[in-house]
1. When the residues of segment 134-175 are filtered to those that are in contact with a helix residue (DSSP H, G or I) (Cβ under 9 Å, 6 or more places away or on another chain) and of a type in the set (S, T, N, Q), which remaining residue is nearest to Glu61 (Cα to Cα)?
2. If a residue has to be touching a residue at least 40 places away in the same chain (Cβ under 8 Å), acidic (Asp, Glu) and not in a helix (DSSP H, G or I) to count, how many in segment 100-153 make the cut?
3. Against the conditions (1) modelled with pLDDT of 95 or more; (2) farther than 30 Å from Lys319 by Cα; (3) of a type in the set (Phe, Trp, Tyr), where does Tyr249 fall short? Just the number, please.
4. If you check Ile183, Ile173, which single one turns out to be assigned to a helix (DSSP H, G or I) and hydrophobic (A, V, I, L, M, F, W, C)?
5. Could you list, in sequence order, all residues of segment 255-293 that are assigned to a loop (DSSP other than H, G, I, E, B) and within 26 Å of Ser342 (Cβ to Cβ)?
6. Give the number of residues within segment 70-91 that are assigned to a strand (DSSP E or B) and touching a helix residue (DSSP H, G or I) at 6+ places or on another chain (Cβ under 7 Å).
7. Return the pairs, sorted by first residue and then second, in which the second residue is of a type outside the set (S, T, N, Q), the first residue lies in segment 26-39 and is at pLDDT 90 or above, the beta carbons are less than 6 Å apart, and the residues are 6+ apart or on different chains.
Amino acid sequence: MLFIKFFIFGLGILIGILFLYLVIIIFFPVLKVKKQPIENATIPEDDLQIPPKCRSDIYFESKETTINGRLYLPEVISGPVPCVIMSNGFGGTQGMILEQYAVRYAKAGMAVLTYDFRYFGSSEGEPRQLFSIVDQLDDLRAAIAFARSHVEIHPNKIALWGTSGAGGYGLVIAAEDKNIKCIVGQCPALDSKEDGKLALEREGIGFFLRLFMHAQRDKGRARFGLSPHKVPIVGRPGTRAVIAAPGAYEGYSRLVSKSFINEVCARVILTTHGHNPFDYAHKVECPVLLQICEQDNLISEKSYLKTAEVLGDKAEVIKYPVEHFEIYEGENFEKAVKDQISFFKRCFN
């Protein structure tokens, strides 16, 4: 009996300490995060650029949320054309890098649909900068439905293009939608387990324990209807950010405009998204192009090797001797986009 009393007493103290910890974490400003705006961004603001003639603004609904996008059409259309639907990576918006690809696809005779995920960029959704794979996949499904309803787009010639954090979204969708014609994953995140191991080796357990506290604060504040607690999407090594790998901050800086918001709701660290692309690969029936950066320090090599093995002869793997962010620029971009257009033409013909 004495043991049980001591156990109950100890358990009560533990619960009290945990409760006090959560109260302090949630309600008091004890966790401060240094903002890391990307001040040396090199991409011009959208409103300072002359949009290409092939581009028009569009919008569609995704679970009662308005998603803003852009539709690029070939100059000459004699009938319904194939369409590439493009999804940007973690925290990315359609104004970052997608247009350079879209213009090239349109010149090659394809329609292109880009869009901002809800909570980001020009799309609706509150709180702002909330990352949710479940919601992003719903937005992609809505983009596909919009494309198929468009009179100038062939409903059975839809390709899904994703890069980095969204590079595996096509596998998830194609596993359920057998009418997807083909998929491109550029430097793709395909297996969160393998990529997580790589991040743990790179950053160490202490880095993630500190981020975990910030995530608890954000999650707790959300339950009480309070303002979100945010952390930088990307930061320099050793700083508090979701991505703090060497070269990542500089990589983002070369791809975003000054309007890019380098923040995300910290609860992303706690969220169990439940949609690991690798787990869906065995259900995919269409061709898949995996474009791999051989010097990538964000995406595990095991991730694409396992996925390609499961896909078997449906997978085409092309490797580039570059780092994660180098595939978006200059000569590396030219090689990658040329390979993509060649792949699309083979699939659509």
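1. The qualifying residue nearest to Glu61 (Cα to Cα) is Gln136.
2. Adding up the residues that qualify gives 3.
3. Here Tyr249 clears every test but (2).
4. Only one candidate passes the filter, namely Ile173.
5. Leu255, Val284, Glu285, Cys286, Pro287
6. 7
7. Cβ pairs passing all conditions: Gln36/Pro232; Gln36/Gly235.
So that you can scan it fast, the table gives a plain yes or no per residue for (1) charged (D, E, K, R); (2) in contact with a Leu (Cβ under 7 Å, 6 or more places away or on another chain); (3) modelled with pLDDT under 95; (4) on the phi > 0 side of the Ramachandran plot:
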site: Asp279; (1), (2), (3), (4): yes, no, no, no
site: Val284; (1), (2), (3), (4): no, yes, no, no
site: Gln291; (1), (2), (3), (4): no, no, no, no
site: Ala308; (1), (2), (3), (4): no, yes, no, no
site: Glu316; (1), (2), (3), (4): yes, yes, no, no
site: Lys319; (1), (2), (3), (4): yes, no, no, no
site: Val322; (1), (2), (3), (4): no, no, no, no
site: Ala336; (1), (2), (3), (4): no, no, no, no
site: Lys345; (1), (2), (3), (4): yes, no, no, no
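The values are calculated or read from the model by the stated rules, or taken from the named source; none is laboratory data. Please read all numbers here as calculations on a predicted model, not as lab measurements. Here Cβ is always computed from backbone atoms with ideal geometry, including for glycine, and neighbour counts include all displayed protein chains.
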